[in-house]
1. Taking the residues in segment 86-133 that are hydroxyl-bearing (Ser, Thr, Tyr) and crowded, with 17+ Cβ neighbours inside 10 Å as candidates, determine which candidate is modelled with the lowest pLDDT.
2. Quick one: which helices (runs of 4 or more DSSP H) sit completely within segment 9-113 and have at least 3 residues that are within 16 Å of the ligand (Cβ to nearest atom) and more than 26 Å from Tyr205 (Cα to Cα)?
3. Please give the helices (runs of 4 or more DSSP H) falling wholly within segment 167-208 in which 2 or more residues are crowded, with 17+ Cβ neighbours inside 10 Å and aromatic (Phe, Trp, Tyr).
4. Which condition does Ala154 not pass, out of (1) without any contact (Cβ under 8 Å) to a residue 40 or more places away in the chain; (2) of a type in the set (A, V, I, L, M); (3) closer than 22 Å to Asp109 by Cβ, if it passes all the others?
5. Give segment 154-166 a look and list any residue that's surrounded by 14 or more Cβ atoms within 10 Å (Cβ to Cβ) and away from the ligand (no atom under 12 Å from the Cβ), or say none.
6. Can you name every residue in segment 122-147 that is under 20 Å from Glu207 (Cβ atoms) and in contact with a helix residue (DSSP H, G or I) (Cβ under 8 Å, 6 or more places away or on another chain)?
7. Select, from Glu87, Glu119, the only residue that is of a type outside the set (Phe, Trp, Tyr) and free of Cβ contacts under 8 Å to residues at least 12 places away in the same chain.
8. Write out, first by first residue and then by second, each pair whose Cβ atoms fall under 7 Å of each other, whose residues are 6+ apart or on separate chains, and whose first residue, in segment 158-181, is on the phi > 0 side of the Ramachandran plot while the second is away from the ligand (no atom under 16 Å from the Cβ).
Amino acid sequence: MSQHYPFELPPLPYAYDALEPYIDTLTMQLHHDRHLRAYIDNLNAALKNYPEYHGWSLERLLTQANWLPEPLRIPVKNNGGGVYNHEFFFDHLTPKDGNGTRVTGGLLDAVGRAFDGFEGFAAAFSKAAAGVFGSGYAWLSCNADGDPHIVTTANQDTLLTRGLIPLACIDVWEHAYYLKHYNVRADYIQDWFHVADWETATRCYEER
Ligand code: MN
C-alpha cells in the first residue's frame with residue numbers, strides 16, 4: 001500500500017482459497033476485496049479535501065487523530081483503523097496450516113512464562129477473543145521490554161496509542177467468520193489458530 005494518501009488496496013499476500021478449510025474462500029474475497037476496500041475508499045474520501053494531510057502516513061494520522069480537524073477525527077479513526085488493522089490481520093495469516101508454524105525463540109519463552117506455556121496462552125487468548133462484545137479484535141502484543149500481553153480492542157481502535165507492539169491478531173467482527181462459522185465464534189477462533197502466522201509474530205517480537 002502507498003505510504004500516504006491516496007491509500008491503495010494491497011493484494012492479499014496469498015490466494016483467496018489458501019486458508020481453506022479454516023477460513024473459506026468467499027469470506028476472504030468479501031473481507032479483503034469489499035470490507036478492506038471500503039475502509040480505504042472511505043479514508044481517501046475523508047482526506048480528499050484536506051491536502052495538508054496528503055503526505056501523512058497512516059500511522060501518523062492514527063496516532064494524531066485527536067488533533068486533526070474535527071470532521072476528520074472519527075472518519076480517520078474508524079476507516080484508518082480499519083485499514084491498519086486489516087492489513088495487519090491479513091499479513092499475519094498463513095496458508096502453511098499451522099499448527100505447522102510455531103512460536104519459537106524469545107517469544108515462546110516469554111509467552112510460556114506469562115501464560116503457563118503455549119497451551120495456557122492459547123486458552124487465555126481464545127477466552128479474550130470470545131469475550132469481545134460486539135465487533136473488535138484480540139491481540140497478542142508486547143511492551144518494549146518484551147513482556148507479552150493479551151489485549152482486546154473495540155471496533156477499529158488500534159494499539160498504536162497504547163504503547164504496545166502488535167504480534168498477532170484475530171478479527172472477531174462477524175464479517176470475518178459468519179458465512180462459514182455462523183454465530184459460533186468459538187469455532188472460528190479454534191480455526192484461526194491453524195492459520196495464524198506465528199513465524200511472523202516471532203519475527204515481530206525479535207525486531208521490536
Ligand atoms: Mn474485518
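1. Initial filter on segment 86-133 (hydroxyl-bearing (Ser, Thr, Tyr)): 94, 101, 104, 126.
Keeping just the survivors that are crowded, with 17+ Cβ neighbours inside 10 Å gives 94, 101, 126.
Details: Thr94: 93, Thr101: 62, Ser126: 97.
Only one residue tops the list, namely Thr101.
2. Numbers: elements: 25-29, 37-47, 58-63, 70-75, 81-91.
The helices (runs of 4 or more DSSP H) meeting that bar are 25-29, 37-47.
3. Numbers: elements: 178-181, 185-195, 198-206.
Result: 185-195, 198-206.
4. Result: Ala154 passes all but (3).
5. Going through segment 154-166, the residues surrounded by 14 or more Cβ atoms within 10 Å (Cβ to Cβ) turn out to be 155-160, 162, 164-166.
Answer for segment 154-166, where residues must be surrounded by 14 or more Cβ atoms within 10 Å (Cβ to Cβ) and away from the ligand (no atom under 12 Å from the Cβ): Asp157, Thr158, Leu159, Leu160, Arg162, Leu164, Ile165, Pro166.
6. At the first step, the residues of segment 122-147 found to be under 20 Å from Glu207 (Cβ atoms) are 139-147.
Passing the criteria: Leu140, Cys142, Gly146, Asp147.
7. Step by step, each of Glu87, Glu119 is checked, and only Glu119 is of a type outside the set (Phe, Trp, Tyr) and free of Cβ contacts under 8 Å to residues at least 12 places away in the same chain.
8. Taking only residues 6 or more apart or on different chains, the pairs are Gly163/Asn143.
The values are calculated or read from the model by the stated rules, or taken from the named source; none is laboratory data. Fair warning: this is a prediction, and the values are worked out from it, not measured in the lab. Quick reminder, even Gly has a Cβ in these numbers, built from the backbone with ideal geometry, and neighbours come from all protein chains shown.
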